[in-house]
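Structure record follows, encoded as structure tokens.
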Amino acid sequence: MLKLSNVSVAYKDKVVLNNFDLTANQGEIIGVAAPNGTGKTTLFNVMANFIKPNSGSVMFNGKYAYRNEQEELLIRKRLTTFPEQSDLFEELSGVDHLNLYANMWKGTSKHVPEIIEKLRMGNYVKKKVRTYSLGMRQRLCFAMMAAADTPIMLMDEVMNGLDTSNVALISECLIEMKQNQKLIFVASHLLENLDLYADRVIFLKHGKIVHEQLFTQENEAYLKVEMNHQQFEKLKEEFALPTDHIFIAGYLLCIPLKGMTMAEQTKWIERMLDFNEKVLAVGPLGTVEYYEKYYSDME
């Protein structure tokens, strides 16, 4: 278990994390969706002890972390951060990198061939990294995390530079890691992809979590229809919208269906079809929609 309590980080007059609280458990994937500058990198750096918070605490398995050098070393064996492509050694091969991470964290490299096969790297993994494409380098960085095989993994933009097939492959591997009781944080701009494997997604703003989207329970259904501001204002003049409706980023009206009878739901669908000829959608709000709700004014 990893727990952050009242963590605050400020750079001069800018507060990046503000009394931040979070509890995460093994066997869980937590997505982090937020624009640059809202604290994602700082949050990861606090967890990994690259940054000391101005106040607050970090706990691993119920014990306060990073109080002394010996304790820090023990935690380092339990936590890895996603390597930067610039950190790769150009004259070493991919398999050299995998063996390095495997031996540093796990103490053995016996599992490396299995990782190479699973990530379909066999045709290039023995070549020097300087010959790799962007996607090959990114897959290698992920494979290095798999080779380390630590209980806690912090992955920033793990899908960057990957094509559709490799995004699907990495997503499958993440789900398998979760099933093996890894605690994984994934910060990504591929928001729709987060919905496929994350147990929850947190949205950061003003140094705190402004929304937590859970995928491990039934989510509320909405009637969703695209419209502009003028259409939205006209609609409000004609009908009394439910008080908890959401108008996202000036283009998407979401009407909650919870608590409505089937007849009432049908009536709202008919109204929207009459009002707007575009195709309607019914379902829970996804990460993309929440992202636009909270950050459209920051883009």
Exercise for the section: Can you bin the stretch 153-194 into rounded, prolate or oblate? Criterion: square roots of the alpha carbon gyration tensor eigenvalues sorted a ≥ b ≥ c, rounded for a/c under 1.5, prolate for a/b above b/c, oblate for the rest. Expected result: oblate
Handout entry: Calculated Rg and Dmax of the Cα atoms in Å (choose from (i) 18.8, 61; (ii) 18.2, 57; (iii) 22.4, 69), label
Key = (iii)
Problem - Charge dipole (the stretch 164-299, unit charges on Cβ, about Cα centre) - positive-most of 251, 204, 272 - result: 204
Practice task
Please list, or write none, the lysines whose alpha carbon is within less than 16 Å of the alpha carbon of residue 267, excluding same-chain residues fewer than 8 places away.
Solution key: 224, 236, 258
Fill in the blank from the handout: Looking only at aspartates and glutamates whose Cα falls under 12 Å of residue 208's and that sit 8 or more positions away or on another chain, we get 21
Exercise for the section: Can you tell me the FRET efficiency between residue 244 and residue 157 if r is taken as the Cβ-Cβ distance and R0 is 41 Å, rounded to the nearest 0.05? Expected result: 0.75
Practice task
Using only the alpha-carbon atoms of the stretch 20-159, report the extent along each of the three principal axes, biggest first, to the nearest angstrom.
Solution key: 48, 35, 27
Practice task
For the stretch 1-42, just list the percent of Cα-Cα distances falling in each 10 Å bin from zero outward, please.
Solution key: 24, 51, 23, 2
Handout entry: the chain: angle of helix 229-238 to the longest principal axis, Cα-based, in degrees nearest 10
Key = 40 degrees
Fill in the blank from the handout: For the chain, the per residue accessible area (1.4 Å probe, Å²) is 51 Å²
Completion exercise
Computed Rg/Rh for the stretch 115-162 (Cα atoms; Rh = Kirkwood radius) stands at 0.96
Completion exercise
Of the accessible area of the stretch 95-165, computed with a 1.4 Å probe and all protein chains kept, carbon and sulfur make up a percent value of 50 percent
Exercise for the section: Please get the size of the charge dipole for the chain, origin at its Cα centre, with Cβ charges of +1 on Lys and Arg and -1 on Asp and Glu, quoted in debye to the nearest 20. Expected result: 1160 debye
Exercise for the section: Considering only lysines 8 or more places apart in sequence, or on different chains, count the pairs in the stretch 35-162 whose C-alpha atoms sit under 30 Å apart. Expected result: 27
Exercise for the section: Evaluate E = 1/(1 + (r/R0)^6) for residue 67 and residue 168, where r is the Cβ-Cβ distance and R0 equals 30 Å; express this FRET efficiency to the nearest 0.05. Expected result: 0.10
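The values are calculated or read from the model by the stated rules, or taken from the named source; none is laboratory data. In this text, all values refer to a predicted model and were calculated from it rather than measured experimentally. Methodologically, a virtual Cβ is constructed for each residue, glycine included, from the backbone with ideal geometry; neighbour enumeration extends over all protein chains shown. To get the accessible areas, we keep the full protein, side chains included, count just its heavy atoms, and leave off ligands, DNA and RNA. Shrake-Rupley method; radii C 1.70, N 1.55, O 1.52, S 1.80 Å.
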